[in-house]
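The values are calculated or read from the model by the stated rules, or taken from the named source; none is laboratory data. Because the structure is a prediction, the values reported are computed rather than measured. A quick note on method: Cβ atoms are made from the backbone with ideal geometry, for glycine too, and the neighbour counts reach across all protein chains shown. Ligands, DNA and RNA are stripped out before the accessible areas are found, and what is left, the full protein with its side chains, is counted by its heavy atoms. Shrake-Rupley method; radii C 1.70, N 1.55, O 1.52, S 1.80 Å.
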Amino acid sequence: MTGKQPITLKVNDAEYRIDVEPRRTLADALRDDCGLTGTHLGCEHGVCGACTVLVDGGAVRACLMFAVQAADCEVTTIEGLTPTDGLSPVQQAMHEEHGLQCGFCTPGFVVSITAFLRDHPEPSDDEVRDGLAGNLCRCTGYQGIIAAVRRAAAAGSER
């Protein structure tokens, strides 16, 4: 007996039938079992936000959630937020405002910003800073990221 259990993950409108150890994280299952490598692993302690995905619409740290906990949920990764014909409004704003450099933290920021703007369509600068406090970037100094949130909010596009 391997100790694995079969689960079905619903990710980006697709179903993945996988066998996982009960302690396997959602981040590892997404990357290794589903082949969705846009979810990055940084600290693996829930501090950096690089692994942020949407679970039933809410932003969660995939490194802190077990894959078995997501079995009856709708999971959306950065791949699911990216249109086939270009960039999402948040991704476009990140590009236009130079809100990324190395790009490692970018998927987590895009997912977090998408969820944040859904709940705060016209945020103040303080709300933006507070809303992004769970995501860390070592490259940008955050000015471009904050400007990107403002731009995406001003666009008022469906996110």
Do the conditions hold for Leu41, that is, is it open to solvent by 30 Å² or more (accessible area, probe 1.4 Å) and either touching a Gly at 6+ places or on another chain (Cβ under 9 Å) or among the aliphatic types (A, V, I, L, M) (or both)? yes
Hey, any hits in the stretch 59-82 for a residue that's closer than 26 Å to Ala147 by Cα and at pLDDT below 95? yes
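Residue-by-condition table, conditions (1) more than 30 Å from Gln5 (Cβ to Cβ); (2) loosely packed, with under 15 Cβ neighbours inside 10 Å:
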site	(1), (2)
Met65	no, no
Val68	no, no
Asp85	yes, yes
Thr106	yes, no
Val128	yes, no
Gly144	yes, no
Reported set for the stretch 130-142 where residues are at positive phi and either open to solvent by less than 50 Å² (accessible area, probe 1.4 Å) or among the polar types (S, T, N, Q) (or both) is Gly141
In the stretch 16-38, how many residues are in a strand (DSSP E or B) and either more than 12 Å from Ala70 (Cβ to Cβ) or open to solvent by less than 40 Å² (accessible area, probe 1.4 Å) (or both)? 5
Tally time: how many residues in the stretch 1-15 are assigned to a loop (DSSP other than H, G, I, E, B) and surrounded by fewer than 12 Cβ atoms within 10 Å (Cβ to Cβ)? 4
Among the candidates Ala67, Ala71, Ala50, Ala59, single out the residue that is among the small types (Gly, Ala, Ser) and out of contact with any strand residue (DSSP E or B) (no Cβ under 6 Å at 6 or more places or on another chain). Ala50
Given (1) open to solvent by 40 Å² or more (accessible area, probe 1.4 Å); (2) modelled with pLDDT of 95 or more, identify the lone condition not met by Met94. (1)
Please note which helices (runs of 4 or more DSSP H) are completely contained in the stretch 58-159 and include at least 2 residues that are over 17 Å from the mean Cα position of the chain (by Cα) and under 23 Å from Val47 (Cα atoms). 125-131, 143-155
How many residues are out of contact with any helix residue (DSSP H, G or I) (no Cβ under 8 Å at 6 or more places or on another chain) and surrounded by 14 or more Cβ atoms within 10 Å (Cβ to Cβ) when one looks only at the stretch 148-159? 0
Residue under question is Leu54, and the condition is that it be closer than 28 Å to Asp32 by Cα and open to solvent by less than 20 Å² (accessible area, probe 1.4 Å); does it hold? yes
